[in-house]
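What follows is a single structure, written as structure tokens, with notes after it.
The values are calculated or read from the model by the stated rules, or taken from the named source; none is laboratory data. Quantities reported herein were computed from a predicted structural model and do not represent experimental measurements. Reconstructed Cβ throughout: ideal geometry from the backbone, glycine too, with neighbour counts over all protein chains shown. Each accessible area value is taken on the protein alone, full model and side chains, heavy atoms only, with ligands, DNA and RNA left out. Shrake-Rupley method; radii C 1.70, N 1.55, O 1.52, S 1.80 Å.
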There are 2 protein chains.
Amino acid sequence: MSKELQREEVMNEERLRQMIEDREAAELSEYITENNPIDVAQAAEDLDDDELWKMCSLLPSEDIASVMEQADDDLRVRLADTLTNNELVEIFHNMAQDDIADIIGDLSIGRRKSIFNMMMDNEKAVIKTLLEYPEESAGGIMTTAYIAIKDDLKVSQALEKIRDIAPKIEVIETIFVVDTRGQLIGTVDLRDILSSGKDAMIADIMKENVISVQPEVDQEEVAKLVSKYDLNAIPVVNHRKAILGIITVDDIIDVIVEEYNEDILEMGGVSKEESLDTTLVQSIKLRLPWLLINLLTAFMASLTVKAFEGTIAQVVALSSIMTIISGMGGNAGSQTQSILVREIATNDVNFKKDWPSFVKEIFLGVINGAINGLITAVIVAVIYHNFFLGVITVIAMIGNLVVAGIFGFLVPVVLRKLGADPAVSSSIFVTTATDVLGFFIFLGLANLFLPLLL
Amino acid sequence: MSKELQREEVMNEERLRQMIEDREAAELSEYITENNPIDVAQAAEDLDDDELWKMCSLLPSEDIASVMEQADDDLRVRLADTLTNNELVEIFHNMAQDDIADIIGDLSIGRRKSIFNMMMDNEKAVIKTLLEYPEESAGGIMTTAYIAIKDDLKVSQALEKIRDIAPKIEVIETIFVVDTRGQLIGTVDLRDILSSGKDAMIADIMKENVISVQPEVDQEEVAKLVSKYDLNAIPVVNHRKAILGIITVDDIIDVIVEEYNEDILEMGGVSKEESLDTTLVQSIKLRLPWLLINLLTAFMASLTVKAFEGTIAQVVALSSIMTIISGMGGNAGSQTQSILVREIATNDVNFKKDWPSFVKEIFLGVINGAINGLITAVIVAVIYHNFFLGVITVIAMIGNLVVAGIFGFLVPVVLRKLGADPAVSSSIFVTTATDVLGFFIFLGLANLFLPLLL
């Protein structure tokens, strides 16, 4: 990435460590102000506690605040631990309230209380409210730093207010407009304020019909709205339409990336809490439950095979061929399921409207099953010199790929209806179906036509 | 979603169709201007060509432009087909150049030429340049509508310029600063311009060290930069550091969502081009190749079983137990692999640094294998009244879960080194390993200790 990133200097762990050792306070502070505190935050992740402490002692509060705002949860906790309560409260003066709430939320109850005691009442109240929203809700990710202006202001007055507040808030392109009762009634683009005459009324240049969310809404839903409507901020309002805060697009990107990572992990049967650095014991705790659930379904497939042990004992070739039938069913099932999971995530699938696609999946199962089945059958018939073994292989392959199409389609749809996340839980049901029914169809057919196979 | 979406009126297919039938031109136009053209674009997807034509005949060019800007590729092509060349060029006057380039790129060569002939030379040149960048590169997604000001301007002059251009561009919070040779040398926040004195120089309030990309950079890399540095726009520059365009954060969100959907589909063995509406023939073409590759690997596993047919013939219980061993290996492998794929996507894995995690995966395989193996062994020993069958089950389960850990870790790392996308192609290699080696270890052990099992 570095060659594409055109920057004069890049902050990394060694450079940061060097600056701290050499006590280059001014240079470090300048770097943070001039460049991106995120680079310093990322480099600081690899420092030990002593180095962190030295870094904090070198920097003024506003720089520590900038770094903390960009730090991940882990580094935030470690930074907070190296700071005294007085220092922390001083740093909070340079931070957005939602970041303060996040940091306080991670402190011990005792320390949280002491710090609350050192804060002003109105600030304390805002932060306590913020702490009450679930972490992954609109309320949990919103910031309280935004501009709202009254609709009866003139452009010149609005501009004056924006000038005053702008340095302290996150998004200035979209200005929220409230009526005298404080209800959100519109938004106005800063560009429209800039290009309108001084005496124009805000009420006349604002857009009505604001898209907003309530604080309980899940962050994933918020992300969908922001993404659909290309918003650079979405207001969070209570049931009386008073603005509680806004969610900015950079936080929405974080949400999307986070949910993406969760899905990738959970689809593979891993918890979102696990990473490469998770300890052995913790990894066992996180992964074993999923393996045990899978063990149960593996037994279901195994018992299906066991039921036909008598048949297999007579035609042992069945034991190697059956793994092809079940395996290919699993692959075809995961294809259908992936299409459905994607479709549900973006458009919502409605069986009444989409039944032709369901029928298509069945036909796909027949055709792909016939092609893969025929190839397999020819090889099987040649190896084992038995034409009928080939015939039941084709039929079973078609049958199991139809099973794959049916379950690959229905399982995600039904899970969605039941309120479960189809991305995460579909595959276990689909695979169980293609394993159990794949073995059953193939071995069942073999049992029926046993005399022809001997 | 609708209950959280606090909007007075929602545009849907029926409402749009009704408005078109009733020729409510003014109402529809007002809806587009006042609300979100994206709603109209989405509703229009379900209209037939005749209705689309009627809709276009009702609306002024600027409204058709708004809807086209929000339309997906498919609808854009259909809209372009209902319009004459003259109408299209007229609509282009209300559109950003990157959107025009996207639309022209989808037209037939003949029509493209006719339309180029109707355009002004300078505009034609810009659009031809845009068309040259690959669709998924920085150049392919950038817009040419941005503000760049010279560093020797005063704040009052800059503000004047911003006022003039603001309505025509996409992002105004970040203003790009160029020197007299046109090289990008910094950015200035609109909030800093607003809060500075009229006579302050732009050079004094700008930030240096701009993060920029070159036009060839892949869109996924661009998305990573924007997400990391919380940018609301990233400039695209040539090797002389002249600005070619900018990429705005809303387009970055589209990139992230698009890449996400691609990954979900490709992990399931489906092409990103397939959706629920893909025709049967097209679906076969898209899915069959992946199934055939899998058929090859299924045969590898099957041949491993075949090699031990003699053993299975003597102890037929092996045929049902072996499916548990291979299946559990597949599940454990996909757990390890998911962790690695996520880690590679976010941090990059370095074997020199991360080897302790590799060792951890092996221990995890031993422990999870022992637990799952013991449970399976007890049940197996009870069902088949054979202690030694239980013993080889435990050993094989441990062996195959270690295989899962090793391959689940190494396959994504190696694929990444080879330049392949680990999210997409890891699973086939990991599953082949756990299937083939799972069968081999279990049946091989059974063969070794055959006398004990009889």
Practice task
Taking B:Ser319 as the residue in question, decide whether it is among the small types (Gly, Ala, Ser) and at the interface with chain A (Cβ under 7 Å from one of its Cβ atoms).
Solution key: yes
Practice task
Kindly establish whether A:Arg76 is modelled with pLDDT of 85 or more, part of a helix (DSSP H, G or I), among the basic types (Lys, Arg) and under 29 Å from B:Gly186 (Cα atoms).
Solution key: no
Practice task
Please indicate, with yes or no, whether at least one residue in segment A:339-346 is under 30 Å from B:Thr304 (Cα atoms) and of a type in the set (D, E, K, R).
Solution key: no
Completion exercise
Per the filter on segment B:243-255, residues open to solvent by less than 10 Å² (accessible area, probe 1.4 Å), more than 9 Å from chain A (Cβ to nearest Cβ), in contact with a strand residue (DSSP E or B) (Cβ under 7 Å, 6 or more places away or on another chain) and among the β-branched types (Val, Ile, Thr) are B:Ile246, B:Ile247
Completion exercise
The condition of being buried (at least 18 other Cβ atoms within 10 Å of the Cβ), more than 14 Å from A:Lys150 (Cα to Cα) and of a type outside the set (Gly, Ala, Ser) holds, among A:Leu190, A:Leu184, only for A:Leu190
Exercise for the section: Restricting attention to segment B:343-358, report how many residues are aliphatic (A, V, I, L, M), part of a helix (DSSP H, G or I) and either open to solvent by 20 Å² or more (accessible area, probe 1.4 Å) or at the interface with another protein chain (Cβ under 8 Å from one of its Cβ atoms) (or both). Expected result: 1
Problem - Count - residues of segment A:322-337 that are at the interface with chain B (Cβ under 8 Å from one of its Cβ atoms) and farther than 14 Å from A:Gly399 by Cβ - result: 6
Handout entry: Residue count for segment B:272-283, restricted to those that are outside any loop (DSSP other than H, G, I, E, B) and either open to solvent by less than 30 Å² (accessible area, probe 1.4 Å) or more than 7 Å from chain A (Cβ to nearest Cβ) (or both)
Key = 3
Handout entry: Selection status of A:Ile324, part of a helix (DSSP H, G or I), open to solvent by less than 10 Å² (accessible area, probe 1.4 Å) and either in contact with a Ser or Thr (Cβ under 7 Å, 6 or more places away or on another chain) or charged (D, E, K, R) (or both)
Key = yes
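Quick grid of which residues meet (1) open to solvent by less than 50 Å² (accessible area, probe 1.4 Å); (2) polar (S, T, N, Q); (3) at pLDDT below 85; (4) closer than 18 Å to A:Leu75 by Cβ:
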{"site": "A:Gln6", "(1), (2), (3), (4)": "yes, yes, yes, no"}
{"site": "A:Val10", "(1), (2), (3), (4)": "no, no, yes, no"}
{"site": "A:Asp22", "(1), (2), (3), (4)": "no, no, no, no"}
{"site": "A:Thr33", "(1), (2), (3), (4)": "no, yes, yes, no"}
{"site": "A:Ala43", "(1), (2), (3), (4)": "yes, no, no, yes"}
Practice task
Would you be able to tell me the number of residues in segment B:193-227 that are surrounded by fewer than 17 Cβ atoms within 10 Å (Cβ to Cβ), in contact with a helix residue (DSSP H, G or I) (Cβ under 6 Å, 6 or more places away or on another chain) and assigned to a helix (DSSP H, G or I)?
Solution key: 1
Handout entry: Check on A:Leu340, facing chain B (nearest Cβ under 10 Å), part of a helix (DSSP H, G or I) and either more than 30 Å from B:Val315 (Cβ to Cβ) or at pLDDT 95 or above (or both)
Key = yes
Practice task
Scan A:Glu258, A:Glu262 and give me the residue that is more than 7 Å from chain B (Cβ to nearest Cβ) and open to solvent by 30 Å² or more (accessible area, probe 1.4 Å).
Solution key: A:Glu258
Problem - Residues of segment B:54-111 satisfying the condition of being closer than 22 Å to B:Tyr133 by Cβ and basic (Lys, Arg) - result: B:Arg76, B:Arg111
Handout entry: Index of the failed condition, A:Gly310 passing every other in (1) in contact with a helix residue (DSSP H, G or I) (Cβ under 7 Å, 6 or more places away or on another chain); (2) assigned to a helix (DSSP H, G or I); (3) at the interface with chain B (Cβ under 10 Å from one of its Cβ atoms)
Key = (1)
Handout entry: So A:Leu303, is it facing chain B (nearest Cβ under 9 Å), in contact with a helix residue (DSSP H, G or I) (Cβ under 6 Å, 6 or more places away or on another chain) and either open to solvent by less than 10 Å² (accessible area, probe 1.4 Å) or not acidic (Asp, Glu) (or both)
Key = no
Problem - From the options B:Gly405, B:Gly399, residue that is at pLDDT 95 or above, within 30 Å of A:Asp72 (Cβ to Cβ) and not basic (Lys, Arg) - result: B:Gly405
Fill in the blank from the handout: Note: among B:Glu173, B:Glu208, just one is within 29 Å of the chain's Cα centre (by Cα) and at pLDDT below 90, namely B:Glu173
